[in-house]
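Where a number appears in this text, it was derived from the coordinates with a stated rule and is not lab data. Just so it is clear, the structure is predicted and the values come from calculations on it, not from any experiment. When we count neighbours, we look across all protein chains shown, and the Cβ atoms used for this are built from the backbone with ideal geometry, even at glycine.
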Amino acid sequence: MVDTSDLLPKTPRYLKVPLIILNAILWILGLLLIILGGVAVSKFSNIKEMISISIPAGLIVIGVFFVILTIVGCFVAYKENLVGLVFYTVFMLVLLVCLIGVGGGALSYRNDVETPLHKAWSLSDNNTKNIIEDYFQCCAWDENENLTIGTKCLTSEPIPGNPVPIIVRTNPDGPYCKNTIIDFVQKYLYLAGAAGLTIGIIEFISMLFALFLIIRICNSPRSKSYD
């Protein structure tokens, strides 16, 4: 059987220092996740009837756990606490799975966001559409929508000699809501997916250092007087 103990640094110092640095980076990224999730929740609240805010809310929850766990990770790495490192690695693995789920969900939803958004728009009442149109400064979903009186951006226009008026947009040169809303949602979902991928890679490397540190501590019990 091959002895892999010599492949690791001779002392845990050379493993715990990078681990502490990685945890400091993840702590900062955790704050960014909270900020990004908070901004997304705030923005999506204007169209909450059309799109679920579970993805940005998930970013906030994961960010909070990252902030707490990375502080604990720095402490147990510095103290070379074996039990603490084991729990840290397990919780980081759970967070990594959650992060992959949220990031993957964001990217997957981003690629097919038009269908659910259009369906949600069709099922929305006029008051909801008014709120969305005011926020995005747009009118109607697209040129193919069956326009009916109800929202503020639509009005009836009489036709001479015809008792039935036609429905027109009050601002015919303004944008339709379709592209405006889709671009808006895709932008934030892309940021969520990219942030999840970046943090996931750093987190995975951090887990490897924690695992190697656990192995080195188990293989080389010694005095910690050098600390």
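Brief remarks follow.
- Where a label projected 7 Å from the Cα of S42 along Cα→Cβ would reach, residues of the stretch 58-83 with amide N under 19 Å: 58-64
- The 3J(HN,Hα) values that the Karplus relation (6.51, -1.76, 1.60; θ = phi - 60°) gives for the stretch 21-36 are, in residue order, 4, 5, 5, 5, 5, 5, 4, 5, 5, x, 4, 5, 4, 4, 5, 4 Hz. Gly and Pro appear as x.
- At R0 = 45 Å, FRET efficiency that the Cβ-Cβ distance of N126 and I215 yields, to 0.05: 0.10
- Full extension of the chain between D142 and V94 yields a length gain of 13.0 nm, computed as 0.36 nm times the residue separation minus the alpha carbon distance.
- Modelled FRET efficiency - R0 35 Å, N111 with K79, Cβ distances, 0.05 increments: 0.20
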